[in-house]
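**Student:** Sharing a structure, written as structure tokens. Questions coming.
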Amino acid sequence: MLPPKTTNDGFPTPTSLSQSETEEMLIKHIPDDTSQKKPTLDKKMHMSFLVRNLVQGFPERYISQDASQPWLLFWTVQAFSVLQVGLDPGNKQRIIDKVLAWQHPDGGFGGGPGQAAHLLPTYASVCILAIVGRPGPGGGWDQIDREKMYKFFMSLKLKDGSFLVAHHSEVDVRGIYCLLMVATFLDLLTPELVEGTASFVASCQTYEGGFASSSHPSYSLSGDVLPPPAARPPLGEAHGGYTFCALASWVLLQPYLELSQEKPTIDVSNLLRWLVHMQGTFIELGGFKGRTNKLVDGCYSWWCGGSFALLEALGVGGIQNANSDEVPIDSGTGDGVWDDVDEGLYNRMALQEYIIYAGQHPTGGLRDKPPKNADAYHTLYCLSGLSSAQHHVFPSHLRKKQFLDSWKSSDSTKDELRKRSFGSILSWIEEEGASHILGGTENRLNATHPLTNLTITHTEAITAHFYEQDVPAKQRSAPTPTRAAAATA
Amino acid sequence: MPRKLDFDDSLFADLPEWADVTPVEQYEGVNPVAPIFYTPEYTDATNYFRAIVQSGEKSERVLDLTENIIRQNPAHYSAWQYRYETLVSLLPTPTPSSHPLLTAEVELMDELAVLFLKTYQVWHHRRLLVQITREPQRELDFIKKGLQVDSKNYHTWSYRQWILGFFGGKGSISKEGDEEIDEDLWASELDFVDTLLATDVRNNSAWHHRFFVVWACGVREGEEDRERVLKRELIYAKQAISLAPSNPSAWNYLRGILAHTNTPFSSLVTFAEAYAYPRESVDAKQRDIVDLENPLPSESADLPCAEAMEFLADAWEVEGGQEKIDAAVTMWTALANERDVMRKKYWEHRIRDAHLGLRGGQKKTTTA
Ligand SMILES: [Zn+2]
């Protein structure tokens, strides 16, 4: 039986018409009940799509992304990582050399050689180096000019705590996420750098609960920015991509906020509500949309689906946030006891169906939705979203403690913030035995770190390098309480 | 000076007026992984651009060069950035808004914005320009046309909101002099939203803009009576819901204004109840009573409406007490098992959270 279509209440408008066209298309991708075919992630085919891009290159239409060369390469090499594929040393070195050609003489990285430094390609470049780089000469890590990077960051900072993405460019939360991520990796976080930033991020939350691209200050007649509680409207509506960036920024800023007088707040309940409502219904195969009343799109599997893991750092969802005493729930199914909180607050299985049934392009690579073409961007974010739906990666108090206990002090006055940021970013681990993989283990992807979208191993290695710390071995541990059943297919 | 125009297929390398510049290859002497297959025209123009960036030249021919690159790749942010710096260095301060370089730039942007509607940079460049021209009304008129083509374009909307926020309620500077024109930029914003929502009551961008105009920017002239404004907006949202009840944009707006004004959801229980149950259970007699405060769902509406069910449960949860919580749990259960099964985990989470609240426990999801 096919799932019901979205109603238009007998009142069609352009939005309901394109919704219904999309449903007509998606319905063809729902396997019928009689089909015995297992849902399959065609890893080989996606591998050849990625190898084609890496080795042969990108066709002419990618000229439109010439200023995003770091992104093209990040999407490609990170997709390899998610697919559990490592690169050979020769290709790694060629990639490192290419990335270093993007570093700007005044700090930061540009979208290509000779291009201006910009926060977005800076993030993508550092992430690529986290994947393929290493310490020492020619390894990429020690060739990053951290001092100039910091100056570049400070040169973009505005009075309200926000940052331009590049000189003479726009302010938005994508840039803030990219900056905070890089500053966290490279041990560049200082109170001076992030003062006011959390308040700015908070101001981007809209009445819907998700976050907008930016917000705008109110000015006094003298032209000064008015302090809170002056109205500070978000620019643009709640949006999946900006929501991920704002929420991740918010989580990255927690170590600073713990130590600071700044106490901005966000409405987490409303954010959760907005996020769950971004998941499409069964006729949309449980894919995510990026805005209210828009269409499902594979990339929001990561931007929206991936945001749920971040909420766990704020105390929402996840087994470590559950009160251990049993609270009866009475939705008429199950055994009436809350025994599966760690399955998350959205439908993880349905999201996997969207990606496997609708997200894969028949000739390789993943996509927004059928009948669109695959591209490098959607290939990564569909895979990352799928990975995030398969695995439960959570901020472990135990793992954090391990890092804090092994911390080697440098006697620096800013040590406390460094230490907390380090312990916080590396506290994320995968819950063992908690994977829910549609189609069985052949479809398993590597788990990715919910904040960095790198593997946990890559995240640990580069961070430990720049903080000059060791990575303690993981203790085998399952968070309590014991799970009833780890339903790995 | 002869210009290299976009329809001209000669290369910068062939032009005598560029002979003094030595082009700079992108990857010198290396064979990079994952190359992009550039056209000869693109390689040529960007080779000259790299050379210009190195020399720091800021002249009129740089405007030609950057325009050429932008037409081939409107997302080339460095070309935009360099173009802006060049333009500023060529303009006198203060700049009369009638300066030919400036008016030419504005006209070019009108053309490019239409061609490259989805590019960040075209909109940001307009932002930089309008801070020189100080003609926000012209921008609002232009955006209006753009939104007719793509009524949910994120960049266009956020640019419109930036214009309104940046220039406040004040008017622009006239072309003739520095005298302020006393026109209210915001005067027609609500009419504009009305028009868009009349075309598509599900356009979430337009609903967001409504919230921006009415609530998010402080109080403007004529809107001081907030009680009257709230009443007007509630009726507006309810009427939109009655036309097409399963419209999350309208419900989110309704919830948004209630939260913004600290009005309890419970004040709208009567309204929501008419939408939250199967049609048969709604008393037929009710239809005869015309109640503007509580418009009923249209004849063709599909009931029960999940948004109304959720709204009622939320209202009851806040009201609290065993009876109300039980009612809320019944609603959430119906959502989880029948009306909105995709969000089953979330509805169960709400049930659990409400039970914790009832037992005096700490509710998990508030603010952080
Ligand atoms: Zn997408």
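The values are calculated or read from the model by the stated rules, or taken from the named source; none is laboratory data. Quick caveat: nothing in here was measured; it's all calculated off a predicted structure. Cβ atoms come from the backbone with ideal geometry, glycine included; neighbour counts cover every protein chain shown. Please note that ligands, DNA and RNA were not included when accessible areas were found on the heavy atoms of the full protein model with its side chains. Shrake-Rupley method; radii C 1.70, N 1.55, O 1.52, S 1.80 Å.
**Student:** Could you compute how fast chain B diffuses translationally, taking Rh as the Kirkwood radius over C-alpha pairs and applying Stokes-Einstein at 37 °C with viscosity 0.692 mPa s? Give it in µm² per second.
**Tutor:** Stokes-Einstein gives a translational diffusion coefficient of 131 µm²/s.
**Student:** Sticking with this one: Calculate the spin-label point distance for B:Asn31 paired with B:Ala187, positioning each point 7 Å from the Cα along the beta-carbon direction, and give it in nanometres.
**Tutor:** In this crude label model, B:Ala187 to B:Asn31 measures out at 6.7 nm.
**Student:** Please work out the Cα center distance from the range A:436-470 to the range A:141-212, rounded to the nearest Å.
**Tutor:** A separation of 23 Å, based on Cα centres.
**Student:** Would you please give the residues with an amide H less than 5 Å from that of B:Ile36, counting only those at least 5 places away or on a separate chain, with H modeled from the backbone geometry?
**Tutor:** Result for B:Ile36 returns A:Phe58.
**Student:** While we're on this one: Quick check: convex hull over the Cα atoms of the range A:351-477, volume per residue in Å³, rounded to an integer?
**Tutor:** Taking the convex hull of the Cα positions in the range A:351-477, it is 119 Å³ per residue.
**Student:** Sticking with this one: If R0 is 51 Å, what FRET efficiency do you get for B:Glu227 and B:Leu117 from their C-beta distance, rounded to 0.05? Don't skip to the answer; put the middle values down first.
**Tutor:** On the way: r = 40 Å, r/R0 = 0.79.
Efficiency, rounded to the nearest 0.05: 0.80.
**Student:** Next up: Do you know which residues of the range A:1-19 lose at least 50 square angstrom of accessible area in the protein assembly compared with their chain on its own, with a 1.4 angstrom probe?
**Tutor:** Residues losing area: A:Thr7, A:Asp9, A:Phe11, A:Thr15.
**Student:** On to the next question. Using modelled backbone amide H atoms (1.01 Å from N, in-plane), which distant-in-sequence or interchain residues come within less than 5 Å of A:Phe109's amide H?
**Tutor:** For A:Phe109, whose amide H was placed from the backbone, the distant partners under 5 Å are A:His104, A:His118, A:Thr122.
**Student:** Between A:Arg146 and B:His99, what FRET efficiency follows from the Cβ-Cβ distance if R0 is 30 Å, with the result rounded to 0.05?
**Tutor:** E(calc), rounded to 0.05, equals 0.10.
**Student:** Taking all protein chains as present, what is the carbon and sulfur share of the accessible area of chain B, in % to the nearest whole number, probe 1.4 Å?
**Tutor:** On chain B, the fraction of accessible area on carbon and sulfur atoms equals 53 percent.
**Student:** Using all C-alpha to C-alpha distances in the range A:96-236, build P(r) with 10 Å bins and read off the rounded percent in each one.
**Tutor:** For the range A:96-236, the pair-distance distribution reads 12, 40, 29, 15, 5, 0.
**Student:** Per residue, what volume in Å³ does the convex hull of the Cα atoms of the range B:65-154 enclose? Each step should come with its number before you reach the end.
**Tutor:** Numbers: hull volume 8.0 nm³, N = 90.
Measuring per residue, one finds 88 Å³ for the Cα hull of the range B:65-154.
**Student:** Roughly speaking, what is the stretch gain from B:Gln54 to B:Val149, that is 0.36 nm per residue apart minus the C-alpha to C-alpha distance, in nm to one decimal?
**Tutor:** On the way: separation 95, 0.36 × 95 = 34.20 nm, distance 3.98 nm.
Extra length from B:Gln54 to B:Val149 when fully extended: 30.2 nm.
**Student:** Next question. How shielded is A:111-121 by partner chains, expressed as the average number of their Cβ atoms within 10 Å of its Cβ atoms?
**Tutor:** That works out to 5 on average.
**Student:** Determine the relative contact order of chain A: mean sequence separation of Cα pairs under 8 Å and six or more apart, normalised by residue count, in whole percent.
**Tutor:** Relative CO of chain A lands at 16 percent.
**Student:** Chain pair A, B: how much accessible area is buried, both chains summed, with a 1.4 Å probe, in Å² to 100?
**Tutor:** On the way: alone 21640 and 20260 Å², together 33740 Å².
In total, chains A and B hide about 8200 Å² from solvent.
**Student:** With springs only between Cα atoms under 10 Å, which of B:Pro32, B:Pro278, B:Pro295 fluctuates most in a Gaussian network model of chain B?
**Tutor:** Result: B:Pro32 has the largest fluctuation of those listed.
**Student:** Could you size up the charge dipole of the protein assembly as shown around its Cα centre, putting +1 on the beta carbon of Lys and Arg and -1 on that of Asp and Glu, and report it in debye to the nearest 20?
**Tutor:** So the dipole magnitude of the protein assembly as shown works out to roughly 1880 debye.
**Student:** Let me ask you something else. Would you pull out the residues with amide H under 5 Å of A:Gly318's amide H, same chain only if 5 or more places away, H placed 1.01 Å from N?
**Tutor:** Here the answer is A:Gly344, since their amide H atoms fall under 5 Å of that of A:Gly318.
**Student:** In whole Hz, with x marking every Gly and Pro, tabulate ³J(HN,Hα) for the range A:168-182 from phi via Karplus 6.51 cos²θ - 1.76 cosθ + 1.60, θ = phi - 60°.
**Tutor:** 6, 10, 7, 9, 7, 5, 4, x, 5, 4, 4, 5, 5, 5, 5
**Student:** Over the protein assembly as shown, what lengths in whole Å, largest first, do the semi-axes of the equivalent ellipsoid take, defined as the square roots of 5 times the eigenvalues of the alpha-carbon gyration tensor? Could the numbers behind the result be given before it?
**Tutor:** Working: eigenvalues 354, 253, 139 Å².
Ellipsoid semi-axes (Å, largest first): 42, 36, 26.
**Student:** Another question, if that's okay. Rounded to whole Hz and in sequence order, give me ³J(HN,Hα) for the range B:20-27 from the Karplus expression 6.51 cos²θ - 1.76 cosθ + 1.60, θ = phi - 60°, writing x for Gly and Pro.
**Tutor:** Those phi angles translate into 6, 9, 9, x, 10, 5, 6, 10 Hz.
**Student:** Same structure again: Suppose R0 equals 25 Å; then what is the FRET efficiency for A:Asp106 and A:Glu416 from their Cβ-Cβ distance, rounded to the nearest 0.05?
**Tutor:** That gives a FRET efficiency of 0.25.
**Student:** When only alpha-carbon atoms are used, what values of Rg and Dmax, in angstrom, describe the range B:14-103?
**Tutor:** In Å, with Rg to one decimal and Dmax whole: 14.8, 49.
**Student:** Still on this structure, I have one more. Run the accessible area of chain A with a 1.4 Å probe and give the carbon-and-sulfur part as a rounded percent. Can you show the working numbers first?
**Tutor:** Values: 9630 of 17650 Å².
The nonpolar share, carbon plus sulfur, comes to 55 percent.
**Student:** Further question on the same structure: Modelling each spin label as a point 7 Å along the Cα-to-Cβ direction, I'd like the B:Asn337/B:Glu299 distance in nm, to one decimal.
**Tutor:** With each label placed 7 Å out from Cα toward Cβ, I get 3.5 nm.
**Student:** Continuing with the same structure: Compute the projected area of the convex hull of the Cα atoms of the range A:409-462, averaged over all viewing directions, and report it in nm² to one decimal place. Don't jump to the answer; show the numbers that get you there.
**Tutor:** Numbers: hull surface 19.3 nm².
That works out to 4.8 nm², a quarter of the Cα hull's surface.
**Student:** Across the range B:200-216, in residue order, what do the Karplus-derived ³J(HN,Hα) couplings come to in whole Hz, using 6.51 cos²θ - 1.76 cosθ + 1.60 with θ = phi - 60° and x for Gly and Pro?
**Tutor:** 8, 5, 9, 6, 5, 4, 5, 4, 4, 5, 4, 5, 4, 6, 7, 10, 7
**Student:** Also: Which three lengths, in whole Å and largest first, does the range B:19-170 cover when its Cα atoms are put on their principal axes?
**Tutor:** On the principal axes, the range B:19-170 reaches 56, 37, 20 Å in Cα extent.
**Student:** OK, next. Could you point to the residue in A:Leu366, A:Ser435, A:Ser409 farthest towards the positive end of the range A:357-466's charge dipole, with +1 and -1 charges on the Cβ of Lys/Arg and Asp/Glu respectively?
**Tutor:** About the Cα centre, the residue reaching furthest to the positive side is A:Ser409.
**Student:** Right, another one. Taking the Cα-to-Cβ direction at A:Thr457 and at A:Ser35 and moving 7 Å from each Cα, how far apart do the two end points lie in nm?
**Tutor:** According to this spin-label approximation, the distance is 3.4 nm.
**Student:** Project the alpha carbons of the range A:72-173 onto their principal axes and report the range along each, largest first, in whole Å.
**Tutor:** Projected onto the principal axes, the Cα atoms of the range A:72-173 cover 45, 28, 21 Å.
**Student:** How would you classify chain A from its alpha-carbon gyration tensor, with a ≥ b ≥ c the square roots of the eigenvalues: rounded for a/c under 1.5, else prolate if a/b is greater than b/c, otherwise oblate?
**Tutor:** rounded
**Student:** Further question: Obtain the radius of gyration and the Kirkwood radius of the range A:258-320 from its C-alpha atoms and give Rg over Rh.
**Tutor:** 1.07
**Student:** Continuing with the same structure: Assuming 0.890 mPa s and 25 °C, estimate D for the range A:1-138 with Stokes-Einstein, Rh taken as the Kirkwood radius over Cα pairs, in µm²/s. Walk me through the intermediate numbers first.
**Tutor:** Values: Rh = 18.5 Å.
Diffusion coefficient, whole number: 133 µm²/s.
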